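Written out below as structure tokens is the structure these notes cover.
The values are calculated or read from the model by the stated rules, or taken from the named source; none is laboratory data. Worth saying up front: this structure is predicted, and the values here are computed from it rather than measured. Note that we place each Cβ from the backbone using ideal geometry, even for glycine, and neighbour counts take in every protein chain shown.
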């Protein structure tokens, strides 16, 4: 079979992946009244309207707060657990790993229902707290997977060298292990933040009435009709969720290079 | 306490917050809805505690639920097959290309970071009545009235494929990368044609990746309710939509519990079968 045929196929698959997204970005600069073709000219008016839309700004604040708290908590839990699994000989560590990633093996809808009903039974109603609990448990497996994969590559020798030169375990951790782990920790936190920021499946179950995150706000706006404002919001989301990880990766590489050089 | 004892306790101290969180926020809630599914929601809206089979009887024998469950599995299966057909050659291209493999991979990872709801709704811009496709066809004079292409089962599958394809490509890519390229050359030098060496060497060796990608596509596809709400019509509800309806709209939580557990049982069985034959390690490779 021809290699050129495979290349053409791959090109078409990439087009399929990116064309619809590119159209969202294109239409967000549409000057026309309606969020659709034909385009009548280029304009940034929809971004201006976006910046003045109180509901959307509120959704952004909610999403950023939720994402930041989620990232903080689930990265802390995930890093501690990963350290235990990578650094110690724990009996049944395979079982523990599977246990820790169970939240993504269960369909998210089921997780959402179970958590909602159980916490409601425990008198925790639909609230920001419930959202936070949900996002933490849902992002934890990703943090564990990412951090564990990177921790494996940090050699124990360096720590042992530090200890043999007289550093205490505490000193070793804060001056050797933690700085070496920093890229892994940042990657985990970034991952957790992005997943939380994007989530809609669980969020629709857990959010109290009147509270919207950015994805649920977009979803609510879709109920009416697709307006250019949604496309503009989509463009902002794409820039944020694609830009942040790329920025994070660049920073991590820079950190690694500084340490290496 | 001796040093060894303390040393042995340390990992458990590090693990305990995460283990506690998963226990209290996943496993206890799952056990709770199992109990809850035997309670009854009375007409007044209060729960009647007890051991009733009514919800399970309704969920398991009502034709309505069974048809939607079967339809959900059908949609997930078609989505998985389309993902495999589209994704395998693309993954093969990335794995065997001599050029910018890093860039190709990065491009592939990008959709993971682009919001699911944005990617889903982006198809409205393409296929909608005043979308890109209709306006192109209109301006070319091929049609004179905009076509109604959205809000049917095909667009639901399209949306799911668009969402899940990167999972398939990534998993196949990971397993193709692990295959020694010289194996194909060896088959070739022993007289196999390129097509034969692919069919008899490369394809079988990459099956674990294909299976991992397939499992992810199927389970994630069968558990969705957002895509049918955005891209489907009124009759394209999937099983997760029924769960959402029961829990959020009708507030019949015991029935919602039974329906959730039904979905978990069906999809969980697939995960267990997969685990039995291929193990979770393959799945982690593609995720991590």
So which residues in region B:129-147 are touching a helix residue (DSSP H, G or I) at 6+ places or on another chain (Cβ under 7 Å) and either closer than 22 Å to residue A:18 by Cβ or within 7 Å of chain A (Cβ to nearest Cβ) (or both)?
B:131, B:132, B:133
Condition check: over 20 Å from the mean Cα position of the chain (by Cα), assigned by TED's automatic domain parsing to the domain that holds residue A:203 and in contact (Cβ under 8 Å) with a residue 60 or more places away in the chain. Does residue A:131 satisfy that?
no
Would you list the helices (runs of 4 or more DSSP H) that sit entirely within region B:149-243 and hold 3 or more residues that are farther than 29 Å from residue B:113 by Cβ?
B:181-189, B:194-197, B:203-222
Hey, residue A:162 closer than 20 Å to residue B:16 by Cα and in contact with a helix residue (DSSP H, G or I) (Cβ under 6 Å, 6 or more places away or on another chain) or not:
no
Going through region A:104-123 in order, the residues found to be within 11 Å of chain B (Cβ to nearest Cβ) and more than 21 Å from the chain's Cα centre (by Cα) are A:113, A:114, A:116, A:117, A:118, A:119, A:120, A:121, A:122
Which condition number does residue A:200 fail, the rest of (1) within 30 Å of residue B:246 (Cβ to Cβ); (2) within 13 Å of another protein chain (Cβ to nearest Cβ); (3) in contact (Cβ under 8 Å) with a residue 40 or more places away in the chain being met?
(3)
If the requirement is being within 24 Å of the chain's Cα centre (by Cα), surrounded by fewer than 16 Cβ atoms within 10 Å (Cβ to Cβ) and within 8 Å of chain A (Cβ to nearest Cβ), which of these qualifies: B:107, B:165?
B:107
Among the listed residues A:61, A:7, identify the single one that is in the same structural domain as residue A:202 (by TED's automatic domain parsing), in a helix (DSSP H, G or I), surrounded by fewer than 21 Cβ atoms within 10 Å (Cβ to Cβ) and modelled with pLDDT of 90 or more.
A:61
Is region B:13-35 home to any residue that is more than 25 Å from residue B:220 (Cβ to Cβ), surrounded by fewer than 15 Cβ atoms within 10 Å (Cβ to Cβ) and more than 14 Å from every other protein chain (Cβ to nearest Cβ)?
no
Test for residue A:96: is it within 9 Å of chain B (Cβ to nearest Cβ), at pLDDT below 95, surrounded by fewer than 24 Cβ atoms within 10 Å (Cβ to Cβ) and within 14 Å of residue A:136 (Cα to Cα)
no
Take the residues in region A:154-195 that are away from chain B (no Cβ under 12 Å) and under 25 Å from residue B:112 (Cα atoms), then tell me which one is farthest from the chain's Cα centre (by Cα).
A:181
Residue match in region A:61-79 (condition: within 25 Å of residue B:27 (Cα to Cα), under 19 Å from the mean Cα position of the chain (by Cα), within 11 Å of another protein chain (Cβ to nearest Cβ) and without any contact (Cβ under 8 Å) to a residue 12 or more places away in the chain):
yes
In region A:33-58, what residues are surrounded by 15 or more Cβ atoms within 10 Å (Cβ to Cβ) and within 11 Å of another protein chain (Cβ to nearest Cβ)?
A:35, A:36, A:37
Any idea which of (1) touching a residue at least 12 places away in the same chain (Cβ under 8 Å); (2) part of a helix (DSSP H, G or I) is the one residue A:178 doesn't satisfy?
(1)
